[in-house]
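Colleague: Input: one structure, supplied below.
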Amino acid sequence: MKEAIAPVKNVIATQDVFDSLAGRSYGVPGIGLIHGSTGLGKTTAVTHLFNQVNGIYVVARATDSATSLLSRIMDELGADPMPRVSRMVDHIIEQMSMHERSLFIDEADHLMRDVRMLETVRDIYDATEVPVVLIGMDQIARRISSRKQFYNRISEWAEFRPADLEDVMIMAETLLEDGIQVDPDLLDQLRKSAGGEMRRLAIGLGRIEKLAKTNELDFVTCAHWGDQPFFGSSYRPGM
Ligand SMILES: Nc1ncnc2c1ncn2[C@@H]1O[C@H](COP(=O)(O)OP(=O)(O)OP(=O)(O)O)[C@@H](O)[C@H]1O
Ligand SMILES: [Mg+2]
């Protein structure tokens, strides 16, 4: 499998969120929210984007406090953490403003636990007005809506959806090596079995590619695949 990012609909939606934030009119707030279930490709889409725009990317953790989160942002900026939170905030604001560096916070659900973390992110946004993008799971949209001051600054949203057949075809075309082609019927079988989850689709495509290579197939059909599982093992509890 190639190490590439397939330009599926969710990837394009992520790009659109960022473009709208970066090109927003005067007075329009600049926080974006990307959310959806596990394995739909949020981190992949955002990693691709922040690399292109020289953004700052951090992953929030369950154990984070404002201090530890800011220390990791400092680290991303190539600076040492400072003992005082306010000094770190000043430094981050200065760097983001001076170099127009957007901030991407993955696993942002963890910010909801601690008002101080969320308010620190809001302070950074208010002082820089550079786009800030939060990436989280399904629950984040609902939880953030109760934090009115933060919620009011969100102007762009993207909810990640399970891949459809067109997306799976784009994935196959982008990721499979040696020009291996797959019958759309088999891709649709994979899509259903994976529930449109990108993580499982990638595993399934890897197995299809392996079958093609082992049997020297250029085109893999449902008949070649048979009824073997696309991921996991055939182990079933109790059997
Ligand atoms: N656009 C894509 N192109 C190719 N592979 C992808 C793409 N999106 C996701 N994948 C594959 O799916 C896997 C899971 O994606 P990712 O980690 O981005 O999901 P996530 O939504 O961030 O999940 P979680 O909520 O668990 O963090 C990736 O490691 C990669 O193998
Ligand atoms: Mg992720």
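The values are calculated or read from the model by the stated rules, or taken from the named source; none is laboratory data. A quick note: this is a predicted structure, and the numbers were derived from the prediction, not measured. Don't worry about glycine lacking a Cβ; one is built from the backbone with ideal geometry, like all the others, and counts go over all protein chains shown.
Colleague: Can you spot a residue in segment 17-26 that is assigned to a loop (DSSP other than H, G, I, E, B), surrounded by fewer than 21 Cβ atoms within 10 Å (Cβ to Cβ) and touching a helix residue (DSSP H, G or I) at 6+ places or on another chain (Cβ under 8 Å)?
Modeller: Within segment 17-26 (the criterion being assigned to a loop (DSSP other than H, G, I, E, B), surrounded by fewer than 21 Cβ atoms within 10 Å (Cβ to Cβ) and touching a helix residue (DSSP H, G or I) at 6+ places or on another chain (Cβ under 8 Å)), the answer is no, since none of the residues qualifies.
Colleague: Also, quick follow-up: Just one of 120, 128, 67 is surrounded by 14 or more Cβ atoms within 10 Å (Cβ to Cβ), modelled with pLDDT of 95 or more and over 24 Å from residue 49 (Cβ atoms); which is it?
Modeller: Exactly one of 120, 128, 67 is surrounded by 14 or more Cβ atoms within 10 Å (Cβ to Cβ), modelled with pLDDT of 95 or more and over 24 Å from residue 49 (Cβ atoms), namely 67.
Colleague: If I filter segment 36-55 down to residues being more than 11 Å from ligand 2 (Cβ to nearest atom) and buried (at least 22 other Cβ atoms within 10 Å of the Cβ), which single residue comes out as farthest from residue 116 (Cα to Cα)?
Modeller: Top of the filtered list is 49.
Colleague: Let me ask something additional. Any chance segment 158-168 includes a residue that's more than 15 Å from ligand 1 (Cβ to nearest atom) and part of a helix (DSSP H, G or I)?
Modeller: Within segment 158-168 (the criterion being more than 15 Å from ligand 1 (Cβ to nearest atom) and part of a helix (DSSP H, G or I)), the answer is yes, since at least one residue qualifies.
Colleague: Starting from segment 164-178, keep only residues that are buried (at least 18 other Cβ atoms within 10 Å of the Cβ), then list their pairs with residues that are of a type in the set (S, T, N, Q) and assigned to a helix (DSSP H, G or I) whose Cβ atoms are within a distance under 8 Å, requiring at least 6 positions of separation or different chains.
Modeller: What qualifies is 167/10.
Colleague: Return the residues of segment 176-204 that are out of contact with any helix residue (DSSP H, G or I) (no Cβ under 6 Å at 6 or more places or on another chain) and in a helix (DSSP H, G or I); say none if nothing qualifies.
Modeller: Within segment 176-204, 184, 189, 192, 193, 198, 199, 202, 203 qualify.
Colleague: One residue is enough: does segment 29-51 have a residue meeting the conditions farther than 25 Å from residue 140 by Cα and out of contact with any Ser or Thr (no Cβ under 6 Å at 6 or more places or on another chain)? Outline the logic, then answer.
Modeller: Narrowing segment 29-51 to residues farther than 25 Å from residue 140 by Cα: none.
No, segment 29-51 contains no residue that is farther than 25 Å from residue 140 by Cα and out of contact with any Ser or Thr (no Cβ under 6 Å at 6 or more places or on another chain).
Colleague: While we're here: So which residues in segment 59-91 are hydrophobic (A, V, I, L, M, F, W, C) and farther than 17 Å from residue 134 by Cα?
Modeller: Within segment 59-91, 74, 77, 79, 82, 85, 88, 89 meet the criteria.
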